[in-house]
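Peer 1: Got a structure for you, questions after.
The values are calculated or read from the model by the stated rules, or taken from the named source; none is laboratory data. Quantities reported herein were computed from a predicted structural model and do not represent experimental measurements. Cβ placement follows ideal geometry from the backbone for every residue including glycine, while neighbour counts extend to all protein chains displayed.
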Amino acid sequence: MQLPVPPAAVFSASYPSEDVPRRVVLLGSTGSIGTQAIDVADGAPERFRIVALAAGGGNLAQLARQAVHTRAEAVGCASADLPTLRSAIQAAASEAGVSGYEPELFTGPQAASAVAAWPAADVVLNGITGSIGLEPTLAALSAGHLLALANKESLIVGGELVRRAAGPGQIVPVDSEHSALAQALRAGTFSEVDRLIVTASGGPFRGRKRAELADVTPEQALAHPTWNMGRMVTTNSATMVNKALEVIEAHLLFDIPLERIDVVVHPQSIVHSMVQFTDGSTIAQASPPDMRLPIALGMGWPLRVPGAAKPCDWTRAAQWTFEPLDEEAFPAVALAKSAAARGGTFMAAYNAANEEAVEAFHDGLIRFTDIVDTITAVLDAHVEDGPLSLQSVLAAEQRARRLARERCGR
């Protein structure tokens, strides 16, 4: 995927018509991104219509209620069989007083990929958590849909595999940081971009030294000061692995070299990222922390959705602070840059090792600082095996998970 030049043309998918709602597929519909996307669509029915949903199945009743609420044409669930999913939807429809609703159903491991390729769609919002989002990402791209990407892991572990599958302008970022960068990049040409500055809240352990992090608890790691996210992403924010993944995502999305992407800690989480240009100007995107704004922009790109979120109140005094990242206490970003520079499946191994280590931490098997130490050990043992392909990525993940589990005593 060669990103267009100038960046003002990045993600230049045409909007069909302001008078015709864009048909949206939601992957990971019961998670934080998916539920907020439904809120956005409910608030702008003239702009969006949810036509298909998919979720893992951890909350089957919620998925069924979402299906009935949106009248989705297709519904997918990874963990339920067809009779169970059909029964859940029928129960939700009966509770809502809806009759005659019979969507097409997909179940099993390929359910999300089948829904991602739903033909009657304009945009697929991939809000799945983790690298299991890779195959649905590839399915959406193969189907020719605009991909609003909140599942950063699929781009990171897939790397060039995903970039080759995407046409110009086919991927729109939904992470708040990358949405901010995409907006700021409109201010200049590609050759005028000096650096990308990705902001980080600092998580719950901002200011602590490495020695102070060894004994923190899972409950403390989940106490994020700004964002309400799932267990994996919130823990990743505490270790700075989430920011590390965002740096790699920015590199892959915008074709800016890794050495020209910086992380700065901004605890207020109002400036979501910045672009520094060669003339010394820095363009920042600022808004209160609310994921509905980048979700709405991702689904409706390149048009904004009026009222998607509340703006900053410039009539009230406020103070923004910025500070450098302590890479000794939080080495995850530097480690990811090193892995990404090696290319191939190294980032797939990084991500898989992290996912296993996070689960081990929450199961009480390892300490907080052991999470990134586990990633380091897995990367030290990782070797490339053949040319890059979906099969090589999946194989690398399996090896990395096995090594991480062994190290974590699982």
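Peer 1: Output the qualifying pairs, or none if there are none: Cβ atoms under 9 angstrom, residues six or more apart or on different chains, first residue in segment 176-187 and among the hydroxyl-bearing types (Ser, Thr, Tyr), second residue in a helix (DSSP H, G or I).
Peer 2: Listed pairs, sorted by first residue: SER176/LEU293; SER176/PRO294; SER179/LEU293; SER179/PRO294; SER179/ILE295; SER179/LEU297; SER179/GLY298.
Peer 1: Oh, and also: Find all pairs meeting these conditions: Cβ atoms under 8 angstrom apart; at least six residues apart or on different chains; first residue within segment 325-345 and within 11 Å of LYS243 (Cα to Cα); second residue at pLDDT 95 or above and of a type in the set (Lys, Arg).
Peer 2: Once the first residue is within 11 Å of LYS243 (Cα to Cα) and sits in segment 325-345, its partners that are at pLDDT 95 or above and of a type in the set (Lys, Arg) give LEU325/LYS243; ALA332/LYS243; VAL333/LYS243.
Peer 1: Could you list all residues from segment 160-202 that are hydroxyl-bearing (Ser, Thr, Tyr) and closer than 16 Å to ASP255 by Cβ?
Peer 2: THR189, SER191
Peer 1: Taking VAL193 as the residue in question, decide whether it is touching a Gly at 6+ places or on another chain (Cβ under 7 Å) and among the β-branched types (Val, Ile, Thr).
Peer 2: In short, no.
Peer 1: Here's something else I'd like to know. Is it fair to say ALA91 is closer than 24 Å to ASN151 by Cβ, in the same structural domain as VAL24 (by TED's automatic domain parsing) and either surrounded by fewer than 18 Cβ atoms within 10 Å (Cβ to Cβ) or within 24 Å of the chain's Cα centre (by Cα) (or both)?
Peer 2: Here the answer is no, as ALA91 does not meet what is asked.
Peer 1: Just for segment 1-30: of the residues that are at pLDDT 95 or above and not hydrophobic (A, V, I, L, M, F, W, C), which one is nearest to SER154 (Cα to Cα)?
Peer 2: GLY28
Peer 1: Any idea which of (1) touching a Lys or Arg at 6+ places or on another chain (Cβ under 6 Å); (2) under 24 Å from SER29 (Cα atoms); (3) assigned to a loop (DSSP other than H, G, I, E, B) is the one ALA329 doesn't satisfy?
Peer 2: In the conditions (1) touching a Lys or Arg at 6+ places or on another chain (Cβ under 6 Å); (2) under 24 Å from SER29 (Cα atoms); (3) assigned to a loop (DSSP other than H, G, I, E, B), ALA329 misses (2) alone.
Peer 1: Go through segment 56-134 and tell me which strands (runs of 3 or more DSSP E), entirely inside it, have 3 or more residues that are under 27 Å from THR345 (Cβ atoms) and touching a residue at least 12 places away in the same chain (Cβ under 8 Å).
Peer 2: It comes to 123-126.
Peer 1: Of everything in segment 135-148 that's out of contact with any Gly (no Cβ under 7 Å at 6 or more places or on another chain) and not in a helix (DSSP H, G or I), which residue is surrounded by the most Cβ atoms within 10 Å (Cβ to Cβ)?
Peer 2: Filtering segment 135-148 for residues that are out of contact with any Gly (no Cβ under 7 Å at 6 or more places or on another chain) and not in a helix (DSSP H, G or I), the one surrounded by the most Cβ atoms within 10 Å (Cβ to Cβ) comes out as LEU147.
Peer 1: Among the residues in segment 102-112, are any more than 22 Å from LEU125 (Cα to Cα), over 23 Å from the mean Cα position of the chain (by Cα), assigned by TED's automatic domain parsing to the domain that holds GLU135 and surrounded by fewer than 17 Cβ atoms within 10 Å (Cβ to Cβ)?
Peer 2: yes
Peer 1: Regarding segment 230-241, can at least one residue be identified that is closer than 27 Å to GLU356 by Cα and surrounded by fewer than 16 Cβ atoms within 10 Å (Cβ to Cβ)?
Peer 2: Yes: segment 230-241 contains one or more residues that are closer than 27 Å to GLU356 by Cα and surrounded by fewer than 16 Cβ atoms within 10 Å (Cβ to Cβ).
Peer 1: Moving to a separate point now. Give THR189, THR199, THR129 a once-over and let me know the one that is crowded, with 19+ Cβ neighbours inside 10 Å and at pLDDT 95 or above.
Peer 2: Result: THR199 is the single residue among THR189, THR199, THR129 that is crowded, with 19+ Cβ neighbours inside 10 Å and at pLDDT 95 or above.
Peer 1: Does segment 191-208 include one or more residues that are more than 17 Å from the chain's Cα centre (by Cα) and β-branched (Val, Ile, Thr)?
Peer 2: The answer is yes, given that some residue of segment 191-208 is more than 17 Å from the chain's Cα centre (by Cα) and β-branched (Val, Ile, Thr).
Peer 1: Right, another one. So, in segment 365-384, of the ones that are outside any helix (DSSP H, G or I) and in contact (Cβ under 8 Å) with a residue 40 or more places away in the chain, which residue ends up nearest to THR129 (Cα to Cα)?
Peer 2: PHE368
Peer 1: Exactly one condition in (1) within 22 Å of the chain's Cα centre (by Cα); (2) closer than 25 Å to LEU222 by Cβ is false for ARG367; which is it?
Peer 2: Answer for ARG367: the failing condition is (1).
Peer 1: Restricting attention to segment 35-49, which residues are acidic (Asp, Glu) and surrounded by 18 or more Cβ atoms within 10 Å (Cβ to Cβ)?
Peer 2: Matches in segment 35-49: none.
Peer 1: Tally up the residues in segment 250-287 that are β-branched (Val, Ile, Thr), crowded, with 20+ Cβ neighbours inside 10 Å and in contact with a Ser or Thr (Cβ under 9 Å, 6 or more places away or on another chain), please.
Peer 2: Within segment 250-287, residues that are β-branched (Val, Ile, Thr), crowded, with 20+ Cβ neighbours inside 10 Å and in contact with a Ser or Thr (Cβ under 9 Å, 6 or more places away or on another chain) number 3.
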